[in-house]
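All remarks here apply to the structure that follows.
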Amino acid sequence: MLAYCFLALRVAILAANLFAIVIALTAWAVRRRRISPFNRWAAIVRRWGDPFVRATERRLLSSGGDPSTAPWWLLGTTLVGGLLLLSLAQWVVQAGFTVRAAAESGPVEMIALAVNVAYDVVVLALVLRVLGSWFGIGRWTRWMRPAYQLTDWIVQPLSRLIPPLGMIDVSPLIAWLLLWMVRGLVVYVVLRA
């Protein structure tokens, strides 16, 4: 049953990607005057694809982008979104099997699983924090605030203790190493008990 659900999801994502490719290539061909905008093919593609292209154009205009690139943005969004959706679906299924196996193994395995999940969440927040600083995304933006709230308890004390190396702040890396060691120690102690 699960295999059929994944197959259906993959087919739907493939169909959406093929649809976006057709829209992008047709828009490119019309713009380059390879085909006429009044061509029957262009009219069919425009009729089916315009709702998606117009929504992408509105988003591009609101963010200061070029609306003529909307078909290519639609294609990129469809490709990346499809990959993310497949990855998320696989992660959810794997997480479900992991929780089920830990629950069947007893409370010690559940504690070890909780420690590992907490570690993964904090490390993901550390990675987001570092990537956000590389791209100049401030700590008070809506998307970065949770990452800073999850990691300030360990990064800020380390930042006060360890000076930056030139322009590079190594405190998130040191925090990750400390978390990695503590997680290994806690899981080892819990599983040995």
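The values are calculated or read from the model by the stated rules, or taken from the named source; none is laboratory data. The structure presented is a predicted model; accordingly, all values stated were derived computationally and were not measured. When we count neighbours, we look across all protein chains shown, and the Cβ atoms used for this are built from the backbone with ideal geometry, even at glycine. Ligands, DNA and RNA are stripped out before the accessible areas are found, and what is left, the full protein with its side chains, is counted by its heavy atoms. Shrake-Rupley method; radii C 1.70, N 1.55, O 1.52, S 1.80 Å.
Restricting attention to the range 159-166, does a residue exist that is assigned to a helix (DSSP H, G or I) and surrounded by 12 or more Cβ atoms within 10 Å (Cβ to Cβ)?
Yes - at least one qualifying residue is present in the range 159-166.
So Phe6 clears everything in (1) open to solvent by 40 Å² or more (accessible area, probe 1.4 Å); (2) assigned to a helix (DSSP H, G or I); (3) out of contact with any Phe, Trp or Tyr (no Cβ under 9 Å at 6 or more places or on another chain) except one condition, right? Which one?
With (1) open to solvent by 40 Å² or more (accessible area, probe 1.4 Å); (2) assigned to a helix (DSSP H, G or I); (3) out of contact with any Phe, Trp or Tyr (no Cβ under 9 Å at 6 or more places or on another chain) applied to Phe6, the lone miss is (1).
Take the residues in the range 11-35 that are in contact with a Gly (Cβ under 9 Å, 6 or more places away or on another chain) and not small (Gly, Ala, Ser), then tell me which one is surrounded by the fewest Cβ atoms within 10 Å (Cβ to Cβ).
The residue in question is Leu14.
Taking the criterion of being basic (Lys, Arg) and over 30 Å from Asp120 (Cα atoms), would at least one residue in the range 10-26 satisfy it?
If we filter the range 10-26 for residues that are basic (Lys, Arg), which is where we start, we get 10.
Remaining after also requiring over 30 Å from Asp120 (Cα atoms): none.
No.
Can you name the number of the only condition in (1) under 21 Å from Ser159 (Cα atoms); (2) open to solvent by less than 70 Å² (accessible area, probe 1.4 Å) that Leu124 fails?
Checking Leu124 against (1) under 21 Å from Ser159 (Cα atoms); (2) open to solvent by less than 70 Å² (accessible area, probe 1.4 Å), the one that fails is (2).
Looking at the range 54-68, can you tell me whether even one residue there is open to solvent by less than 30 Å² (accessible area, probe 1.4 Å) and touching a residue at least 24 places away in the same chain (Cβ under 8 Å)?
Among the residues of the range 54-68, not one is open to solvent by less than 30 Å² (accessible area, probe 1.4 Å) and touching a residue at least 24 places away in the same chain (Cβ under 8 Å), which makes the answer no.
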